[in-house]
Amino acid sequence: MERVIVGITGASGIPIAVRTVEALAEHAEVVTVVTDAAESVMTHESGSREETMDRLRDASAAMYGESDIHAPIASGSVAADGMVIVPASMATVSDVATGRSDDLVARAADVCLKERRRLVVVPRETPLSQLHLENLTKLAELGVDVVPPMLGFYFDPEEPGDFVDHVVGKILERFDLDHDRYDAWDPS
């Protein structure tokens, strides 16, 4: 694995995004795109937008904002092994499902689709409306891996961070990456 793009949008789930960037950086060059709305959510979920952005910069080979539409990752001629959008707002899910690529996250996802690269979407909304479900279904039909951050208990979580690591492990598995984020289920 050489390069993975991570799009971070303005839905709840910034801790999952940060740990995903850090975990992927152990295996590949990570190019991160942070939307304006994601930066706003950082203030509420992490306590410090600046510290969160510093963590992302430290783990990323390059970092862009949503309006950096001329960034190299907006072109299919720039190699990437795939992309994960975490968390994925329903607005971004809709944009990707309909081919609208007005910002860098949606454009990079569009490039992954047209170049037949792995695309993983971690939708963060509940409950889901029929429109949300239709857009997620359309993405799944296009070959996108939809990985909702669902709570699992079979790995014996002890603290909230364990649930975050569980989702990060599920994301890493989509890229065929080994991890120690949680133990596989053992029915014995």
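The values are calculated or read from the model by the stated rules, or taken from the named source; none is laboratory data. What you see is a predicted model; the values in this text were computed from it and never measured. So basically every Cβ, Gly included, is an ideal-geometry build from the backbone, and we count neighbours across all protein chains shown. In case anyone asks, the SASA skips ligands and DNA or RNA and just uses the protein heavy atoms, side chains included. Shrake-Rupley method; radii C 1.70, N 1.55, O 1.52, S 1.80 Å.
List of remarks:
- Among the numbered conditions (1) buried (at least 19 other Cβ atoms within 10 Å of the Cβ); (2) in contact with a Cys (Cβ under 8 Å, 6 or more places away or on another chain), the only one that Thr52 does not meet is (2).
Residue by residue, here is whether (1) under 22 Å from Leu177 (Cα atoms); (2) in a loop (DSSP other than H, G, I, E, B); (3) not hydrophobic (A, V, I, L, M, F, W, C) holds:
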{"residue": "Ser77", "(1), (2), (3)": "no, yes, yes"}
{"residue": "Val84", "(1), (2), (3)": "yes, no, no"}
{"residue": "Asp102", "(1), (2), (3)": "no, yes, yes"}
{"residue": "Glu125", "(1), (2), (3)": "no, yes, yes"}
{"residue": "Leu136", "(1), (2), (3)": "no, no, no"}
{"residue": "Phe155", "(1), (2), (3)": "yes, yes, no"}
{"residue": "His166", "(1), (2), (3)": "yes, no, yes"}
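- Residue that is most open to solvent (accessible area, probe 1.4 Å), among those in segment 107-122 that are within 21 Å of Val30 (Cβ to Cβ) and either assigned to a helix (DSSP H, G or I) or in contact with a His (Cβ under 9 Å, 6 or more places away or on another chain) (or both): Arg107
- Subset of segment 35-49 that is β-branched (Val, Ile, Thr) and open to solvent by less than 50 Å² (accessible area, probe 1.4 Å) - its residue that is nearest to Gly13 (Cα to Cα): Val41
- Tally of residues being open to solvent by less than 90 Å² (accessible area, probe 1.4 Å) and closer than 23 Å to Ser94 by Cα across segment 139-167: 10
- Taking segment 60-106 as the range and being closer than 17 Å to Val4 by Cα, hydroxyl-bearing (Ser, Thr, Tyr) and either touching a strand residue (DSSP E or B) at 6+ places or on another chain (Cβ under 8 Å) or open to solvent by less than 20 Å² (accessible area, probe 1.4 Å) (or both) as the test, the residues that pass are Ser60, Tyr64.
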